[in-house]
Amino acid sequence: DAKTTQPPSMDCAEGRAANLPCNHSTISGNEYVYWYRQIHSQGPQYIIHGLKNNETNEMASLIITEDRKSSTLILPHATLRDTAVYYCIVREGRGATNKLIFGTGTLLAVQP
Amino acid sequence: GAVVSQHPSWVICKSGTSVKIECRSLDFQATTMFWYRQFPKQSLMLMATSNEGSKATYEQGVEKDKFLINHASLTLSTLTVTSAHPEDSSFYICSASDRGADAFFGQGTRLTVV
């Protein structure tokens, strides 16, 4: 079973920051937080991951609370192409054999 | 990121026939690949873990005799849906990780059984 809870949907205005929350209150010490997104009828796309510290890459920023029980994915300047289902996933370790179990995700709709 | 390719992108087959879907890691070797299935308006459901040179590990409720997985090399895993029926129509997606890296997904295969 997925170990995360996300709102089913969110709207965001084009050009504004999109902040997508995720609760993972049962996360354990060796579990990473991963974010993927899926644009309609495509395979999921990796966005970012983190363990304890906040992370940033060219796509997004990941803010993890100090107790690690929740996190927020931030898309700094959302565009229409960012409309997708965003999945927050808790994964044990980073080894190649570690599974990714998907929850229901958040459908982000970026409005013009 | 790493590239994972699936073939075909879509397939239509008659009920009772078998369909093979290929998943290739194009620029890295993958000892482990994963197969998922996704029904319309639902999330991805993990079906099985494909291990190079050994038997696949299936998730609970997934019929191993119906969904045959072969991982004969470090860059190729195949999923064969045997005796397909309309209820097997779905979006099938594979993923792969190289050593210590993050999982990357194929573009998916849409199977329609008529």
Residues of the range B:29-56 classified as facing chain A (nearest Cβ under 10 Å), out of contact with any Leu (no Cβ under 7 Å at 6 or more places or on another chain) and surrounded by 15 or more Cβ atoms within 10 Å (Cβ to Cβ), total: 8
When restricted to B:Gly61, B:Gly16, the only residue more than 10 Å from every other protein chain (Cβ to nearest Cβ), in a loop (DSSP other than H, G, I, E, B) and under 26 Å from A:Cys88 (Cα atoms) is B:Gly61
Taking the range A:11-64 as the region of interest, how many residues are closer than 22 Å to B:Lys41 by Cβ, surrounded by 16 or more Cβ atoms within 10 Å (Cβ to Cβ) and over 13 Å from the mean Cα position of the chain (by Cα)? 2
Filter pass, A:Thr97 being within 23 Å of B:Leu44 (Cβ to Cβ) and either surrounded by fewer than 16 Cβ atoms within 10 Å (Cβ to Cβ) or not hydroxyl-bearing (Ser, Thr, Tyr) (or both): yes
When only residues in the range B:65-113 that are assigned to a strand (DSSP E or B) and small (Gly, Ala, Ser) count, which is surrounded by the fewest Cβ atoms within 10 Å (Cβ to Cβ)? B:Ala72
Would you pick out the residues in the range B:1-13 that are surrounded by fewer than 14 Cβ atoms within 10 Å (Cβ to Cβ), of a type in the set (A, V, I, L, M, F, W, C) and more than 13 Å from every other protein chain (Cβ to nearest Cβ)? B:Ile12
Test: residue in the range B:23-37 that is part of a loop (DSSP other than H, G, I, E, B) and without any contact (Cβ under 8 Å) to a residue 40 or more places away in the chain: yes
Give me the strands (runs of 3 or more DSSP E) completely within the range A:47-112, filtered to those with at least 1 residues that are aliphatic (A, V, I, L, M), in contact (Cβ under 8 Å) with a residue 12 or more places away in the chain and within 14 Å of chain B (Cβ to nearest Cβ), ordered by residue number. A:61-64, A:84-92, A:106-111
Residues within the range B:78-105 that are away from chain A (no Cβ under 12 Å) and at pLDDT below 95, tallied: 0
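The values are calculated or read from the model by the stated rules, or taken from the named source; none is laboratory data. None of these values were measured; they are calculated from a predicted model. All Cβ positions, even for glycine, are placed from backbone atoms using ideal geometry, and neighbour counts span all protein chains on display.
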